[in-house]
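Have a look at the structure below before the remarks.
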Amino acid sequence: MYRKLATLFLCLTVLTLGPVMIAQAAPQHILKFAGTYAPDHPGSIAQQAIADEVFEATKGELKIEVFPGGQLGDYTQIYEDVMRGNIDMGWLYITGQYNTALEISSLPYLTTSWEGLKKIFSPGSYFYQAYEKAHADCDVKLLALYVDGFVNMVMVKEPVEPMSPTADHKVKLRIPPTDAFKVTMDSLNWDTVTINWADVYTAMQTGVCDGYIGSSAVLVYYTFRDLTKFYYEMRAYSETLSYVINQDTWAKLSPEHQKAIYDACQRQAAKSIETAANNEKTYQQKMADEYGVKIVIPSQEEIDRLADYIRQNVWPKFEKAYGQDLIQGLLSNL
């Protein structure tokens, strides 16, 4: 009899308190967080880590739903939807489609070292403040900058003096269809050709081009490892993606919820640089060991010499697009 009464009391308690407990656990906000990379990419995994951290930090009051792999559109569509508030948050590569100043993340030789990436992409740096303002002009809040690695050069044919800005390199180089690459590589005396990304493998295979610039070691290994003969660690660009949130969505959140999101994004952004640095070494070694790729790592002096040439002779060509004050400000704060 006692057990029956105890069981009945427990059932009544659950029925009485259940709705209250459920109401307390229900999120105050549910945000959509879109990404474009595959679900098993380290960056997509980091997206989920951000969502989990925020949910725990806010005790379930703020829930972030992650949509990786381009489920909500490609990077241009996602950014537009974040601007409009159709999507709350995004993790994506940023173009200058809606604000030319956003292309400064693709400027060549913003830095030449992993430590430099940590500094230049940290809140408070001149670059970060300028980049943050460019997003704000699009009604978007910048939360952090994620680094997928330095962009380097892959060749099936050995070029002549690749670190020289004036040599005849005697190869045809595929570049992405952006001014940041076109102006830069033409200024370095490379014979360039623009080819759609989906056709690069075939183009290298058939001799339409002799190589390309545009990927980190990880992507080269998974996409071109069987074709690649030479890999040059040029450190010309960094593959950088932004964590962003719609400005109105951000403004509606409490300071506590804002802090939870911001801190989680900054934490994953800082971690991404360490991960990228380790991956660069790991996958260079895998290409060399497994496929006999010749890994060419210029000295820091060679890289710095080329970077200085680019900043002095190429960056001024971007003043019309990005503004003289911005380019001069970046130069003076390197």
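Every read-out reported here was derived from the displayed coordinates using simple, explicitly stated rules and does not represent laboratory data. From a predicted model like this one, the values you see are computed outputs, not experimental measurements. As a convention, Cβ positions derive from the backbone with ideal geometry for all residues, glycine included, and neighbour counts pool all protein chains shown.
Structure notes:
- Between residue 183 and residue 65, the C-beta separation translates, for a Förster distance of 51 Å, into a calculated FRET efficiency of about 0.80.
- About the Cα centre, charge dipole magnitude for the chain (Lys/Arg +1, Asp/Glu -1 at Cβ), debye: 740 debye
- Net +/- balance of residues flanking residue 74 in space, Cβ distance below 13 Å, scoring K and R +1, D and E -1: -2
- Residue of 228, 206, 249 that the Gaussian network model of the chain assigns the largest fluctuation, springs spanning Cα pairs under 10 Å: 206
- Sequence of 41, 257 once ranked by neighbouring C-beta atoms within 10 Å, starting from the fewest: 41, 257
- Dipole axis of the chain (+1 Lys, Arg; -1 Asp, Glu on Cβ), positive-most option in 183, 62, 142: 62
- Helical contribution to [θ] at 222 nm, DSSP H n ≥ 4, -39,500 (n - 2.57), averaged over the chain, rounded to 500: -15000 deg cm²/dmol
- Leading residue at positive end of dipole, the chain (Cβ point charges), from 33, 131, 214: 33
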